[in-house]
Amino acid sequence: MSTGTYARVRSVLAVNPVLLVFIAIYVSIVALSFAAVWSLGSRLPVEAGNLTSYWLESEVIGIAMYLAWVALPRPHRMRYALETVLPIGLCIYGLDAAGLTATLWFNLDAKTFQMPFGSLTGIGLILGGSYACAFLGRYLGGLAATNRLRREAASSRRSAWFAETAPDGSWRRATGITTGLIMFALILLAQATSPAYAPGSPLPFQLLLVGAWAFAVVVGDRATISITDAAVRVRTRLLSNNVGWSVSLSEIESTRAITARPEPLNFDRSRCVLRTGPALEIRTVTGGRYTVSLDEAAEAVAVIEALRLSAGAPTGAWDLQTQVGPAPGLEFGGFWLRVAAYIIDVSLIGIVGVILSSALGTAGQAMGALIFIAYFIALWGTTGQTIGMMLLGLHVVRDVDGGKIRWGTAVLRFVGLFVAFACLYIGVIWVAFDSRKRGWHDRIGGTVVIRKVG
C-alpha cells in the first residue's frame, strides 16, 4: 500500500468513528464465531458440525458481498457504506451469529443432533439475534447520518438548518417501564417452556432480551431535523414504528409551532413525538400532517417559511429523496401487491419448469433454474417489469431519479432478492415497514417500485 493510499485510509477512519465501531463489531462477530467452532466443534454431533460450518461460510461470503456493494461506483461511497450497506449487513450477520449460537447451545455434548429451528426457543433466538443487530445497525447508521448532517449544517453545505431532539427523563422512564414489562413477560413465557438451565434452555434468549432492553433505555431514541432548500427531513434512530419522514417544500401548505400533548402509542409514521413540549407541525397540500418534538420549533418554522419565499419550491423534479411520494400521479408499490405479482411470476416459471423437468429430467431442472434467474434479470433490465408486475401496473425504477434501471442494477437487485429470501424472508417483509416500500433487494440495487394512480 502506497503512502498516499495509507494516508487516505487513515484520514477516513479518523473522521468516521462510527466506521470504526462497525469494523470492531464485524471483526468481533467473525473472531468469536471461529473461536467458538474451533474450541467446541469436537463436542458436537456430526450434523451440528456441518451446520456450524454453514454459518461460518455465510459470514465469510457476507463480507465479500458487503465489500462488493461498497466498491460499486457511487458518488458518496462512504455515506452509502455507513448508512446503508453496513447496517443491513449487521442484520444479516446477527442472523448468522444467532444461528451459530443456537446450534452450539442446543447440541453441545448432545448424542443426537437437534435442529435449532425445531423449537420456538431456537426460532426466537435466531430471529431475535437478527433483530437486535438490525436495531444496533440502524442506530449506528442513524448516528453516522447525524454526524454528516451536523457537518453539512456547520459548513452551510446542502443543509440550511439542523437540530436534534431527544426524549426527556420522564418519557424515557415511561418507555423503559413499558418495554421492560413486555420483555419480562417474554422471559417468563420462555422460561415456562423450558425451566431447566441446560442445553436447549432459553438462557441466551433471555440475555438477548435483557440486553436489547438495557440498550434502548440507556441510549434512548433521538431524531434529527434537517432543512434544505428542497425539503424538510426527519430521521429517528430507534423508533421501531417510525424511521422518519421527508416533505418537499413544494408540498408544504403551512407550518407552525405547537405544544405537543401526551399521545397514545400508535403506528402513525407521520409523527415523531418523542416527549411533551414544543413540536414542529407541517401540513401538506394533500392533507397530510407531520409532527416532531422540537424545542426550536419556532426557529424551524421561520427557516422553512424564509426558504419557501426566497427560493420557491422545485417543480417538475422526481427527487425521490426529498418527497413523500415518488411524483404526482404515482405511488410506491405496496407489500401485498408485490407479493401477488411475485406469485404470478413464480407460477408461470413453475409451469415451464415442470414441463422441462418432465421432459428432460435433471437437465430440465437445471434449465428451469437458469430460466428463473434470466427471467427476472432480463425483464427488469429491459422493461423494468415482469409479467406479474405488468398485470398489476408495477414498475421498477432507479431510486435516485426515477429513471430506467440498467443491466448491472438488475443483476444486483436479483442478488439482493436472494439475500432477502435467504434470511428467513426478513428482507422481503421489510417492504411492509419501509416508508418507501423498499425491501433489502431494493436498497441493495438502489431501486424502488412504483405504480400509477388516478
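The values are calculated or read from the model by the stated rules, or taken from the named source; none is laboratory data. Model, not experiment: these values are computed from the prediction. Every residue, glycine among them, receives a Cβ derived from its backbone with ideal geometry; neighbour counts consider all protein chains shown.
One table, with the values for the structure above:
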read-out: Answer residue from the range 220-234, given it is farther than 11 Å from VAL247 by Cβ, touching a strand residue (DSSP E or B) at 6+ places or on another chain (Cβ under 7 Å) and of a type outside the set (Ser, Thr, Tyr) and is surrounded by the most Cβ atoms within 10 Å (Cβ to Cβ) among those; value: ALA223
read-out: Residue under evaluation LYS437, criteria (1) surrounded by 23 or more Cβ atoms within 10 Å (Cβ to Cβ); (2) of a type outside the set (S, T, N, Q); (3) touching a strand residue (DSSP E or B) at 6+ places or on another chain (Cβ under 9 Å), criterion not met; value: (1)
read-out: The range 395-454, subset part of a strand (DSSP E or B) and of a type in the set (A, V, I, L, M, F, W, C), residue nearest to ILE373 (Cα to Cα); value: VAL396
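Residues checked against (1) under 23 Å from LEU149 (Cα atoms); (2) outside the structural domain of ILE25 (by TED's automatic domain parsing); (3) surrounded by 21 or more Cβ atoms within 10 Å (Cβ to Cβ); (4) touching a strand residue (DSSP E or B) at 6+ places or on another chain (Cβ under 8 Å):
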{"position": "PRO87", "(1), (2), (3), (4)": "yes, no, yes, no"}
{"position": "LEU100", "(1), (2), (3), (4)": "no, no, yes, no"}
{"position": "LEU104", "(1), (2), (3), (4)": "no, no, yes, no"}
{"position": "THR112", "(1), (2), (3), (4)": "no, no, no, no"}
